[in-house]
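First comes the structure, then the notes that go with it.
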Amino acid sequence: MNHDLAFRTALAGGLGLVAAAGNLLGGYFVVHREWSRKVLQYFLALGAGYMLAVAFVEVIPESIRLGGEQSLIYVLIGYFLVHLFEHTIAPHFHFGEETHHEEFHHQHAQTTLLLGLAIHTFFDGVAIAAGFLVSTWLGAVIFFAVFLHKLPEGFTVASVVLACGKSKRNALLAAGLLGAATLLGVLLTSALQSQLKYALPLSGGVTVYVAATDLLPEVNKEPNWRMALLVFAGVASFLLLRFLFRV
């Protein structure tokens with residue numbers, strides 16, 4: 001492994017830890033009731049626009065460059081893989097603070113939703129590592145895309161655990177498990193570098209799904225111009241970064 005690749009792999013690991021900490025931070029805010037739901041919605045809106053821009057402008061074109069047009073098949077697989085898991089393993093999944101005890105009073109419901117979110121966060125890690133294996137630029141913009149929805153992920157799982165009547169400690173442990181799944185995705189992708197031409201388009205499909213199918217519907221529950229503007233601001237912020245720093 002050359003020095004540049006070794007550096008980018010180490011950077012992926014370090015930022016994977018930061019992303020995992022974002023899950024814990026989101027859980028912490030729920031446990032201590034210091035987080036406004038409206039601020040959460042702002043994160044979702046900004047993250048949705050930014051993630052879609054990253055996926056369509058960087059990740060998918062780079063996937064095609066690495067693996068040809070057949071990479072689009074893996075983008076599609078990544079998209080529908082999450083769709084399958086969400087509609088079988090975690091059919092009641094949605095982002096946001098959950099207070100409906102009647103929906104989540106069974107241990108099975110809590111476990112399946114945690115598993116569904118863990119699949120999300122695993123692919124967060126895959127995306128970060130795959131990006132850095134291509135270039136520092138791609139890894140960095142994917143990391144920011146991931147981090148923008150890390151707080152809502154931790155927020156969601158911790159609130160579900162509390163809604164089930166479990167302790168604050170269990171809520172934080174659940175958020176920590178999401179962070180661990182992120183690190184697993186980073187480590188596994190870094191170890192299987194020869195499979196990059198599959199990992200990158202898969203993560204691109206997952207990114208499109210999370211942004212378009214999970215985040216935007218939550219944003220649309222607050223139909224006001226500020227939320228719409230934040231989605232566009234997410235796109236614009238990525239395009240500005242690309243203009244200023246893309247080599």
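The values are calculated or read from the model by the stated rules, or taken from the named source; none is laboratory data. Note that the coordinates shown come from a computational prediction; the quantities given were computed from them, not determined experimentally. Every residue, glycine as well, gets a Cβ built from its backbone with ideal geometry; the counts of neighbours run over all protein chains shown. The protein model used for the area step is the full one, side chains on, heavy atoms only, and it has no ligands, DNA or RNA in it. Shrake-Rupley method; radii C 1.70, N 1.55, O 1.52, S 1.80 Å.
As an equivalent ellipsoid, the range 175-247 spans semi-axes of 28, 19, 12 angstrom, where each value is the square root of five times an eigenvalue of the C-alpha gyration tensor, largest first. The radius of gyration of the Cα set in the chain, together with its Dmax, comes out at 17.2, 55 angstrom.
Note on the range 134-183: along the principal axes its Cα atoms extend 44, 16, 10 Å, ordered by decreasing extent. Accessible surface computed residue by residue for the chain, with neighbouring protein chains in place and a 1.4 Å probe, gives 45 Å² per residue.
Each Lys and Arg Cβ is given +1 and each Asp and Glu Cβ -1; about its Cα centre, the chain then shows a dipole of about 420 debye. Charge tally for Val57 (other residues, Cβ to Cβ under 12 Å; Lys, Arg +1; Asp, Glu -1): 0. Across the accessible surface of the chain, with the other protein chains kept in place and a 1.4 Å probe, carbon and sulfur atoms take up 70 percent. Mind telling me which of Thr189, Thr88, Thr156 comes out most flexible in a GNM of the chain, alpha-carbon contacts under 10 Å? Its mean-square fluctuation being the largest, the pick is Thr88. In this simple spin-label model, placing a label point 7 Å from the Cα along the Cα-to-Cβ direction at both His87 and Ala233 gives a separation of 3.4 nm.
When Asp4, Asp214 are compared by accessible area of protein heavy atoms, the largest-first order is Asp4, Asp214, using a 1.4 Å probe. In the elastic network of the chain, a GNM with C-alpha springs shorter than 10 Å, the most mobile of Gly165, Gly176, Gly205 is Gly165. The trypsin sites (Lys or Arg not before Pro) of the range 164-247 that meet both conditions, a loop assignment by DSSP and at most 15 other Cβ atoms within 10 Å of the site Cβ, are Lys221, Arg246. Using Cβ point charges alone (K and R +1, D and E -1), the dipole size of the range 178-247 about the Cα centre works out to roughly 260 debye.
Using a simple spin-label model with pseudo-atoms 7 Å out from Cα toward Cβ, Leu173 and Leu17 lie 2.4 nm apart. The candidates Lys150, Lys38, arranged from most to least accessible area with a 1.4 Å probe in the full protein assembly, appear as Lys38, Lys150.
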